[in-house]
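Chemist: This is the structure I have questions about; it appears just below.
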Number of protein chains: 2
Amino acid sequence: GFAVRISVRGEGSVLPLAEAAEPGAPARPCPCPLPSGDTALSRLVRRLLSARSSLDLCLFSFSCPQLARAVQLLHRRGVRVRLVTDAQYMGLHGSQIGRLRHAGIQVRHDQHSGYMHHKFAIVDRRMLITGSLNWTTQAIQSNRENVLVVEDAELAELWCKSMSTDGKDSFSS
Amino acid sequence: GFAVRISVRGEGSVLPLAEAAEPGAPARPCPCPLPSGDTALSRLVRRLLSARSSLDLCLFSFSCPQLARAVQLLHRRGVRVRLVTDAQYMGLHGSQIGRLRHAGIQVRHDQHSGYMHHKFAIVDRRMLITGSLNWTTQAIQSNRENVLVVEDAELAELWCKSMSTDGKDSFSS
Ligand SMILES: [Zn+2]
Ligand SMILES: [Zn+2]
């Protein structure tokens, strides 16, 4: 399981939020519908679905169908979605990259040596969602992970820039 | 390479800092002395070495000798160092866990199913260092990674708590 913590800069409030699942809980198949209830996954999805203009994703691996569905939903709503992913990992079993690309989402793969190991999302260039969590069913259900949400346009802008830099070659191709 | 960004809550300043190495630069053997100059690794090490009372580490994998040397140095200075790591990864080639344990540092391994996938450090319970970076030579030299430093005691406390929870079984053993 993982925890989502919300950090709102300026207001200085930090809300601790409960775990998605007990550590060590057995892995279940990830059902496709959007998650409901008050789990860390549903909170993460709600943050993503708050996007009105843009969603920038820099993800080492992406196999969770629920998160892919949320991203697709935003794309259909007209939100500009950009995704940079690792070239070696995007072909792996269960990857959602093909599905997203098929849906018309702008996907780029980083082909530098080493890994594109980021795991962050930027909502409307104002909210940074970052941490240890790969967007995989395994990570969401079985690992100990953390996700930090920071509402800070300056910070979000910095991460956006590093995304452009790290994905430079692939974005210009 | 990776970038270290410093976020000082309250002051509201965010300092973008340069990359440690060009993305795609060839991997070099990681020399043991502490890094000098103005690289992302040296900035990370300086943040760690600012610890006066405690350093809490929750690291999926730890093979970088330079970071291990910094942690050992803090231990010798009397800083209370605690480390939780993943049970499956701690025995891997090049792991620094044995060396740290040998030096007398309190090391615990998380043996739940799934991975203890966190990659964060907490300095003096006031500064959270978190992101995608595993503390490995491969990640530091070859990957695209990000590290966020947040000076915020409330946030640091939350991460400390999750560390105790996630490492619960192993800490009580
Ligand atoms: Zn958990
Ligand atoms: Zn880099």
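Chemist: Of all residues in segment B:24-50, which are at pLDDT below 85 and open to solvent by 60 Å² or more (accessible area, probe 1.4 Å)? First the steps, then the outcome.
Modeler: Step one: of segment B:24-50, the residues at pLDDT below 85 are B:24-39.
B:26, B:27, B:28, B:29, B:31, B:33, B:36, B:38, listed by residue number.
Chemist: Within segment A:152-163, is there a residue that is surrounded by fewer than 24 Cβ atoms within 10 Å (Cβ to Cβ), at pLDDT 90 or above and more than 11 Å from every other protein chain (Cβ to nearest Cβ)?
Modeler: No, the conditions are met nowhere in segment A:152-163.
Chemist: In segment A:98-130, what residues are surrounded by fewer than 22 Cβ atoms within 10 Å (Cβ to Cβ) and part of a loop (DSSP other than H, G, I, E, B)?
Modeler: A:103, A:104, A:105, A:111, A:112, A:113, A:115, A:124, A:125, A:126
Chemist: On to the next question. Restricting the first residue to segment A:81-104 and requiring it to be closer than 23 Å to residue A:159 by Cα and without any contact (Cβ under 8 Å) to a residue 12 or more places away in the chain, which pairs with a second residue that is among the hydrophobic types (A, V, I, L, M, F, W, C) and open to solvent by 40 Å² or more (accessible area, probe 1.4 Å) meet a Cβ separation below 6 Å and a spacing of at least six or different chains?
Modeler: Listed by first residue and then by second, the contacts come to nothing, as the list is empty.
The values are calculated or read from the model by the stated rules, or taken from the named source; none is laboratory data. Nothing here was measured: the structure is a model prediction, and the numbers come from that model. Note that each Cβ is placed from the backbone with ideal geometry, even for glycine, and that neighbours are counted across all protein chains shown. Side chains included, ligands, DNA and RNA excluded: accessible areas come from the protein's heavy atoms. Shrake-Rupley method; radii C 1.70, N 1.55, O 1.52, S 1.80 Å.
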